[in-house]
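Only one structure is covered here, and it is reproduced in the block below.
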Amino acid sequence: MKKVNSRPVFTALWKAGAGIVIPKTDITLSGKRVDNKFHVAGYCVSVEGGGRWYFSKKFFLEGMGKTGFVNYTNSLAAGKGKVNHYFGYLELIVLAGYDISF
């Protein structure tokens, strides 16, 4: 593989992650506003992969695909109500960047 100043021209990237969801619910339902506190309301998991192309020594273009799942198991609602919901997502991410070395 051709290199730009001893760096590969193309590098493959992948990432995986998981965490907790800490929302602050602020809703108006039937004319009544409820501004709840921050709290642990669920979890999320995600994975992404793609590649980075160095077209010069420091500048690069990167393309990634990302997918994940979020599950809110304990969202606060009006009064003492609780809300449960979940969703999945798919993203395509393209960016241009510059490497800064410290």
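Please treat every number below as a calculation from the coordinates, not as lab data. Quick caveat: nothing in here was measured; it's all calculated off a predicted structure.
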Legend entry - Debye-sum result for the chain in log10 I(q)/I(0), which assumes one identical scatterer on each alpha carbon, at q = 0.13, 0.22 Å⁻¹: -0.67, -1.08
Legend entry - Contact order relative to length of segment 3-98, as percent, for alpha carbon pairs under 8 angstrom and 6 or more apart: 26
